[in-house]
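Below is one structure; the comments refer to it alone.
The values are calculated or read from the model by the stated rules, or taken from the named source; none is laboratory data. Everything numeric in this text was worked out from a predicted model, so none of it was measured. All Cβ positions, glycine included, derive from the backbone under ideal geometry; neighbour counts span all protein chains shown. These area figures cover heavy atoms from the full protein model, side chains too; ligands, DNA and RNA do not enter into them. Shrake-Rupley method; radii C 1.70, N 1.55, O 1.52, S 1.80 Å.
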Amino acid sequence: MLSGLFIGLCTFLIIGLFHPLVIKGEYYFGVKIKWAFLVAGILFLILSVLANGIILSAIFGVTSFSSFWGIKEVNEQVERVKKGWFPANPKHPERYESKKDSRSIISKQ
């Protein structure tokens, strides 16, 4: 009877969890974190298909597609960092230089 509300709550929490995962993942690992989101998405997709109950299957499915959406969001996070909306990792400033920027730095030397 309350399964729809429970699935909705879990969806809300899962999506809310993926926002900081994308932000922190890009900060510490760069765009390579996309591979982790891809693997997680595939694993949760398989779990969703194999799950016996509708609630568990739905939760795994939401987690799977949130992982796939995270792949896209990592690229957008890089752009948000370039715009100054989020802090760049000072240990890896090269992540946020475009190819045009790096050519102009080389030609100035």
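So what's the back-of-envelope 222 nm ellipticity for the chain, counting only DSSP H runs of four-plus at -39500 (n - 2.57) apiece and dividing by all residues, rounded to 500? Write down the numbers at each step before the final one.
On the way: 4 runs with 84 residues, N = 109.
Mean residue ellipticity at 222 nm (helix-derived): -26500 deg cm²/dmol.
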ask   = Taking K24 as the anchor, which aspartates and glutamates have their alpha carbon closer than 16 Å to its alpha carbon, excluding any fewer than eight residues away along the same chain?
value = E73, E76, E79
ask   = For the chain, which DSSP H helices look membrane-span-like by this rule: Cα extent along the axis of 18 Å or more and mean Kyte-Doolittle of at least 0.5?
value = 3-29, 33-50
request  = Report, to the nearest whole %, how much of the accessible area of the chain belongs to carbon and sulfur atoms, 1.4 Å probe, protein only.
outcome  = 72
task = Please compute the net charge surrounding Q77, taking Lys and Arg as +1 and Asp and Glu as -1 over other residues with Cβ under 14 Å from its Cβ.
result = +4
Cα principal axis extents for the chain, largest first, Å = 68, 24, 19
query = For the stretch 41-89, what relative contact order do you get, as a whole percent, if you take Cα pairs closer than 8 Å and at least 6 residues apart?
reply = 31
